[in-house]
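Undergrad: If you scroll down you'll find the structure; I have some questions about it.
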Amino acid sequence: MSIKLYGYWRSTASYRVRIALNLKGVEYEYVPVHLVNNGGEQHGENYTRLNPSHLVPTLVDEDEDIILNQSMSIIEYLDERYDGEHRLIPEHRTERARVRALAQDIACDIQPLGNLRVLNALKGNFDAQQDDVARWASHWIKVGFDGIEKRLQTQAGKYCFDFDITMADVCLVPQVYNALRFNVDMSQYPLISKIADNCNALDEFIKAKPENQVDAN
Ligand SMILES: N[C@@H](CCC(=O)N[C@@H](CS)C(=O)NCC(=O)O)C(=O)O
């Protein structure tokens, strides 16, 4: 198989790429990288040769001889490589810019603050207790979701944009999964919840769910 995805079942960045691969109809081999066991396999010699950032996901496309990190770049790459399929990033420049902006509201402004190494540093270097860490993570998800919910009031349809499923939905669904892990009260976010439910009814999203991965435990 030409495409390999190195990821972790609960990683929201890996989850985004799994959804994108499914929406694009791409067959791929999934290679689990356990972020906790063995001191974190993302730090292992074999993996850091592929991805010196010590983060998942990494996509390897042997046919094109490319090893790629950063889920957003991977999604854009897949969207262009399989351009005959459903487009996750619209062709029109204003739609494309708005889709990227919403996706980045999640991928740049929410997810990094709740990343494992950030939470571990709060505990290990800044004396935070487990409760403080959970409050930190849910706080930043809520700050991000407050803005996104307002934005969606002016543009959402069945999905984040009324025209179709885009990279914004691909980022939103994993972030909702993560919000539920941190007990964020999703009743405050009716539009985000409705869009996540609409997406989660589709096979491509169901197949990508953390609990449906071989490394789920
Ligand atoms: N901006 C990166 C973020 C990647 C990232 O934060 N990955 C997390 C899992 S979602 C990770 O590998 N964490 C391992 C760690 O913190 O040690 C992307 O979108 O790919």
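The values are calculated or read from the model by the stated rules, or taken from the named source; none is laboratory data. Please read all numbers here as calculations on a predicted model, not as lab measurements. Positions of Cβ are backbone-derived with ideal geometry, glycine not excepted, and every protein chain shown enters the neighbour counts.
Undergrad: If you go through the stretch 70-79 one residue at a time, do you hit one that is buried (at least 17 other Cβ atoms within 10 Å of the Cβ), away from the ligand (no atom under 16 Å from the Cβ) and either closer than 28 Å to Ala201 by Cα or in the same structural domain as Ala156 (by TED's automatic domain parsing) (or both)?
TA: no
Undergrad: If you don't mind, another one. Any idea which residue in the stretch 133-163 is surrounded by the most Cβ atoms within 10 Å (Cβ to Cβ), counting only those that are of a type in the set (Asp, Glu) and assigned to a helix (DSSP H, G or I)?
TA: Glu149
Undergrad: Would the stretch 114-132 turn up any residue that is crowded, with 16+ Cβ neighbours inside 10 Å, aliphatic (A, V, I, L, M) and more than 16 Å from the ligand (Cβ to nearest atom)?
TA: No: the stretch 114-132 contains no residue that is crowded, with 16+ Cβ neighbours inside 10 Å, aliphatic (A, V, I, L, M) and more than 16 Å from the ligand (Cβ to nearest atom).
Undergrad: Let me ask you something else. Scan the stretch 112-132 for residues that are among the charged types (D, E, K, R) and part of a helix (DSSP H, G or I) and jot them down.
TA: Hits for the stretch 112-132 are Arg117, Lys123, Asp131, Asp132.
Undergrad: Could you give every pair whose Cβ atoms fall below 6 Å, whose first residue belongs to the stretch 87-114 and is under 13 Å from Thr166 (Cα atoms), and whose second residue is surrounded by 18 or more Cβ atoms within 10 Å (Cβ to Cβ) and of a type in the set (S, T, N, Q), counting only separations of at least 6 or pairs across chains?
TA: Leu88/Thr166; Val99/Thr166
Undergrad: Could you please let me know if Arg18 is part of a loop (DSSP other than H, G, I, E, B) and of a type outside the set (A, V, I, L, M)?
TA: Here the answer is no, as Arg18 does not meet what is asked.
Undergrad: Across the stretch 52-69, which residue is farthest from Gln111 (Cα to Cα) among those that are surrounded by fewer than 20 Cβ atoms within 10 Å (Cβ to Cβ) and within 14 Å of the ligand (Cβ to nearest atom)?
TA: Among those that are surrounded by fewer than 20 Cβ atoms within 10 Å (Cβ to Cβ) and within 14 Å of the ligand (Cβ to nearest atom), it is Ile67.
Undergrad: While we're on this one: Surrounded by fewer than 11 Cβ atoms within 10 Å (Cβ to Cβ), over 17 Å from the mean Cα position of the chain (by Cα) and closer than 30 Å to Tyr159 by Cα - does that describe any residue in the stretch 2-22?
TA: Checked the stretch 2-22: no residue is surrounded by fewer than 11 Cβ atoms within 10 Å (Cβ to Cβ), over 17 Å from the mean Cα position of the chain (by Cα) and closer than 30 Å to Tyr159 by Cα.
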